[in-house]
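Here the structure is laid out as structure tokens; the discussion comes afterwards.
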Amino acid sequence: MAYFYLFIAITSEVIATSSLKASAGFTKLYPSIVVVMGYTISFIMLSLVLQTLPVGIAYACWAGLGIFFVTIAGYFLYGQKLDIFAISGISLIIVGVLVINIFSETARSNC
């Protein structure tokens, strides 16, 4: 269940973060509500994840995958362009998350 909760935490965080731009500094009501609800759900789910997974592992996955998906959302929703250095850096983040989850005994021993 921990990874299911982590998936929900990441998804809601990506929705909330992507809605920050649309909220225009919390001056638009509906995007602002999405931001607050998204972060609330994300932190509740992350707190459930931390009952099982170590904080470092959970946070690395949450933040790393969040960065990746927010970048993708920014590209499609807001037309934000990525150069080769941004793509390379984000690729390294994804590789790091994969290495943790595939090879780390810490990630497996607490599930």
*Give me the pairs: first residue in the range 56-71 and outside any helix (DSSP H, G or I), second residue surrounded by fewer than 17 Cβ atoms within 10 Å (Cβ to Cβ), beta-carbon distance under 9 Å, and six or more apart or on different chains, which are they?*
none
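Collect the residues in the range 6-40 that are outside any helix (DSSP H, G or I) and either open to solvent by 70 Å² or more (accessible area, probe 1.4 Å) or touching a residue at least 12 places away in the same chain (Cβ under 8 Å) (or both), keeping them in residue-number order. Working first, answer last.
Let us first name the residues in the range 6-40 that are outside any helix (DSSP H, G or I), namely 23-28.
Scanning the range 6-40 gives SER23, PHE26, THR27, LYS28.
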*Is there a residue in the range 60-71 that is at pLDDT 95 or above and more than 14 Å from the chain's Cα centre (by Cα)?*
no
*Sort out which residues of the range 72-84 are assigned to a helix (DSSP H, G or I) and without any contact (Cβ under 8 Å) to a residue 24 or more places away in the chain, and write them in order of number.*
ILE72, TYR75, PHE76, ILE84
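Inspect the range 101-109 for any residue being hydroxyl-bearing (Ser, Thr, Tyr), more than 13 Å from the chain's Cα centre (by Cα) and modelled with pLDDT of 95 or more and give the result as yes or no.
The answer is no; no qualifying residue exists.
Restricted to the range 85-107, and to residues that are touching a residue at least 24 places away in the same chain (Cβ under 8 Å) and either open to solvent by 40 Å² or more (accessible area, probe 1.4 Å) or in a helix (DSSP H, G or I) (or both), which residue is nearest to CYS61 (Cα to Cα)?
VAL97
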*Please specify each residue of the range 62-78 satisfying the condition of being more than 18 Å from LEU92 (Cα to Cα) and open to solvent by 40 Å² or more (accessible area, probe 1.4 Å).*
TYR75, PHE76, LEU77, TYR78
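The values are calculated or read from the model by the stated rules, or taken from the named source; none is laboratory data. Note that the structure is a prediction, hence the values are computed from the model and not measured. With ideal geometry, Cβ positions are generated from the backbone for all residues, glycine too; neighbour counts draw on all protein chains shown. Keep in mind that these areas ignore ligands, DNA and RNA; they rest on the heavy atoms of the full protein, side chains included. Shrake-Rupley method; radii C 1.70, N 1.55, O 1.52, S 1.80 Å.
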